[in-house]
1. So what is the orientation-averaged projected area of the stretch 141-219, using the convex hull of its C-alpha atoms, in nm²?
2. Kindly state, to the nearest 0.05, the FRET efficiency for Arg141 paired with Arg106, given R0 = 22 Å and r defined as their beta-carbon distance.
3. In the stretch 142-220, what trypsin sites (Lys or Arg not before Pro) fall in a loop by DSSP, with at most 14 other Cβ atoms inside 10 Å?
4. Could you pull out the trypsin sites (Lys or Arg not before Pro) across the stretch 64-134 that fall in loop regions by DSSP (anything but H, G, I, E, B) with no more than 15 other Cβ atoms inside 10 Å?
5. Sorted from largest down, give the three principal axis spans of the alpha carbons of the stretch 126-180, whole angstrom values.
6. Exposure proxy check: Met54, Met154, Met160 ranked by fewest other beta carbons within 10 Å?
Amino acid sequence: MTVHNSPEDIWYPTLPSLATRTPSLRSQFAATSSFVIDRRLVRSESNIELYVGMALSTRPDVETIVEQPPRVPYIDRGVQYHHTFDFRLDRIPPRRTAVAVKWSDRIESSGIRRIVRLIAEQCGTDFADDICIITEKDLSRNDRHNVELIHESMMVPNAMDDAIVREAAAEFQGAVTIADLVGRTGLRGAGFRAVARLIGGRILRLVDDRIDSDARVRRA
């Protein structure tokens, strides 16, 4: 007898993290956690890294996100040091971006601006094409709400619900509220989670700022 499993009935193991170091538990600022992108575990060393990593992973121009990539050497006043960026992004069109994440009140004390400048001057584009510093001030409350909802929904995948919502979305021209879209499917809460997954998967685009029942979405 042959048993045919639907995609949502098949368990896929989570792929290991690509990080080159294990998050430290000693720092008073550490709050280790993780999330999943494309079935791969992504570790973070603080809450702000978690929020930034999740936000970056939902951007349509980001193809791959690697946490704690290989450390980069640089020289400061004749002494060699190494710095590990929090993320490195492979973007579309092809471009590599190194990301340093800091709480805004630690920017000055950490010396990260000087470190980034020295690495940019000394390494050129060997490690990355550009470097940016991101703090919690670069993330809005809606950003945090949206990415948390998307990734929580992705942790409980359901291909059948996603397909039903996609089919319903195809019946609408232009933007539609999430409430109307979910109402068309009859899936209620499961339909709302499917919408969140489809936004995260770039199948649906969010028209408004915050994912809720009144927000509008459209097909990508």
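Just so you know, all these numbers are worked out from the coordinates, no wet-lab data involved. Model, not experiment: these values are computed from the prediction. For neighbour counting, all protein chains shown are included, and Cβ atoms are generated from backbone atoms with ideal geometry for every residue, glycine included.
1. Numbers: hull surface 17.2 nm².
Average projection, Cα convex hull of the stretch 141-219: 4.3 nm².
2. Working: r = 21 Å, r/R0 = 0.95.
After rounding to 0.05, the efficiency reads 0.60.
3. Numbers: sites: Arg144, Arg166, Arg184, Arg188, Arg193, Arg197, Arg202, Arg205, Arg210, Arg216, Arg218, Arg219; in loops: Arg188, Arg202, Arg210.
Within the stretch 142-220, the qualifying trypsin sites (Lys or Arg not before Pro) (loop, at most 14 other Cβ atoms within 10 Å) are Arg188, Arg202, Arg210.
4. Values: sites: Arg71, Arg77, Arg88, Arg91, Arg95, Arg96, Lys102, Arg106, Arg113, Arg114, Arg117; in loops: Arg71, Arg77, Lys102.
Within the stretch 64-134, the qualifying trypsin sites (Lys or Arg not before Pro) (loop, at most 15 other Cβ atoms within 10 Å) are Arg71, Arg77.
5. So the extents along the principal axes, rounded to whole Å, are 45, 26, 25.
6. Values: Met54 23, Met154 19, Met160 14.
Result, fewest neighbours first: Met160, Met154, Met54.
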